[in-house]
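Working notes for the structure below.
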Amino acid sequence: MRPVRNRLCLGLDMKTLTIRQPDDWHLHLRDGAVLRAVLPHTAAHFARAIVMPNLVPPVVTTRDAAAYRERIMAAVPEGSGFTPLMTLYLTETSQADDIESGFRDGLVTAVKLYPAGATTNSQSGVTNIEAVYPVLERMAAIGMPLCVHGEVTDPAIDIFDREAVFIERVLEPLRRRLPELRIVMEHVTTSDGMDFVRSQGENVGATITTHHLIINRNAILAGGIRPHYYCLPVAKRETHRLALRAAAISGEGRFFLGTDSAPHVDPLKECACGCAGIFNAPNTLACLAHVFEEEGALERLEAFVSLNGPAFYRLPPNERRITLRRYDEPVENERKMSVGEETLTVFDPMFPIHWKVEE
Ligand code: NCD
Ligand code: ZN
């Protein structure tokens with residue numbers, strides 16, 4: 001890939017960083033009122049997003065995807081060139097022909113594998129991986145990516161170990177059996193995940209979320225239980241967060257941003273059995289600029305948010321540019337949004353945010 005130069009201006013009291021417009025390679029947009037409330041935040045900054053199919057009922061067939069795409073397009077603010085990249089939810093009765101036709105028509109970009117019960121709305125997911133091998137074989141043959149929620153659901157496995165055990169029990173055998181299948185390990189959270197991805201050929205990539213670069217498990221559990229930091233895969237201990245940071249800032253082509261922005265209205269988060277998911281779409285880029293600046297790696301932010309993902313998905317990078325500006329004083333950030341009668345809480349990175357995407 002041709003090297004792209006960032007413009008980084010250092011002034012007395014400001015800094016700007018101009019990069020190609022980013023894409024989000026893992027996003028939950030939901031439906032109805034929540035869709036209409038959250039989509040403008042993604043569309044304001046991102047050109048494209050891989051849209052997760054875990055609606056109720058899930059987006060299983062190309063017909064479901066076409067209908068969902070229409071609902072998304074109807075919610076895209078005027079003047080925004082946002083393009084949703086649709087995914088299908090893999091079930092044990094998914095049809096290879098239907099999936100292939102959606103991919104060939106350009107309607108569907110990828111298929112998502114949820115182990116049944118692993119996360120929000122995953123009850124229709126896969127229990128027996130053998131049952132979906134015919135579909136996976138077809139995908140391997142046509143070059144269609146499989147996005148994987150990489151956690152086992154075995155209740156005997158500690159929740160903090162579920163990613164590492166998934167690699168051993170599911171991913172390694174899958175790679176041996178179908179080495180041509182293009183795989184994205186979604187929202188990777190452990191150094192085991194990093195090691196696995198790096199040990200594989202170039203057809204294995206991984207998304208890293210904004211929040212997993214910022215929080216470790218203390219954010220959820222130390223000094224009180226904080227449901228707005230609870231997501232799946234659950235944040236791990238600090239050594240893992242540091243490994244994720246090293247990968248994100250490394251510029252390595254196989255790691256790219258998937259925000260996993262996953263809105264749930266506050267009553268569903270702040271209760272005795274709260275939903276997993278962190279809503280970070282509004283401030284993701286500002287938070288990432290902070291992280292990359294802190295790491296002295298601002299010049300590699302563009303690779304992570306705008307270049308590596310398109311290269312993996314075999315799409316051109318965006319031509320438009322966006323500019324991030326750093327302010328001396330912290331920038332005001334919206335912390336609660338309204339959705340009808342309810343509120344939705346935006347991810348709080350626990351540091352003052354100094355960056356802002358220029359309008
Ligand atoms: C996601 C959701 O709410 O849909 N939740 C989450 O904690 N990340 C599902 C997922 O990506 O696991
Ligand atoms: Zn997700």
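The values are calculated or read from the model by the stated rules, or taken from the named source; none is laboratory data. Fair warning: this is a prediction, and the values are worked out from it, not measured in the lab. When the accessible area is computed, the model is the full protein with side chains, heavy atoms only, and any ligands, DNA or RNA have been set aside. Shrake-Rupley method; radii C 1.70, N 1.55, O 1.52, S 1.80 Å.
I need the shape label for segment 1-160. Rule: rounded when a/c is under 1.5, else prolate if a/b > b/c, else oblate, with a, b, c from the alpha carbon gyration tensor. Judged from the Cα gyration tensor, segment 1-160 comes out prolate (a/c at least 1.5, a/b above b/c). Which of the three applies to segment 162-269, rounded, prolate or oblate, going by the alpha-carbon gyration tensor with a ≥ b ≥ c and a/c under 1.5 meaning rounded? Prolate, because a/c is 1.5 or more and a/b exceeds b/c. Would segment 275-359 count as rounded, prolate or oblate if I go by the C-alpha gyration tensor, calling it rounded below 1.5 in a/c and otherwise prolate when a/b exceeds b/c, oblate otherwise? Here segment 275-359 falls in the oblate category. If you run the Gaussian network model on the chain, springs between alpha carbon atoms under 10 Å, then out of Pro40, Pro155, Pro134 the most flexible one is Pro155.
Quick one: angle between helix 32-45 and the longest Cα principal axis of the chain, in degrees between 0 and 90, rounded to 10, please. Its long axis makes an angle of about 60 degrees.
Taking every pair of alpha-carbon atoms in the chain, give the share separated by more than 28 Å as a whole percent. The answer is 39 percent, as a whole percent. Using Cα springs under 10 Å in a Gaussian network model of the chain, which residue among Cys231, Cys147, Cys273 shows the largest mean-square fluctuation? It is Cys273. The calculated 222 nm mean residue ellipticity attributable to helices in the chain amounts to -8000 deg cm²/dmol, summing -39500 (n - 2.57) over DSSP H runs of n ≥ 4 and dividing by all residues. For a straight C-alpha distance cut-off of 13 angstrom, the aspartates and glutamates reachable from Lys269 (same-chain residues fewer than eight places away being disregarded) are Glu342.
Output the relative contact order of the chain, whole-number percent, from Cα pairs under 8 angstrom with separation of 6+ residues. It would help to have the intermediate numbers written out before the result.
Details: 726 pairs, mean separation 67.0, N = 359.
Dividing the mean separation by the residue count of the chain yields 19 percent.
Take segment 20-316 with all the other protein chains still there, run a 1.4 Å probe, and you get 36 Å² of accessible area per residue.
With a 1.4 Å probe and every protein chain kept in, tell me what percent of the accessible surface of the chain is carbon plus sulfur. That share works out to 51 percent.
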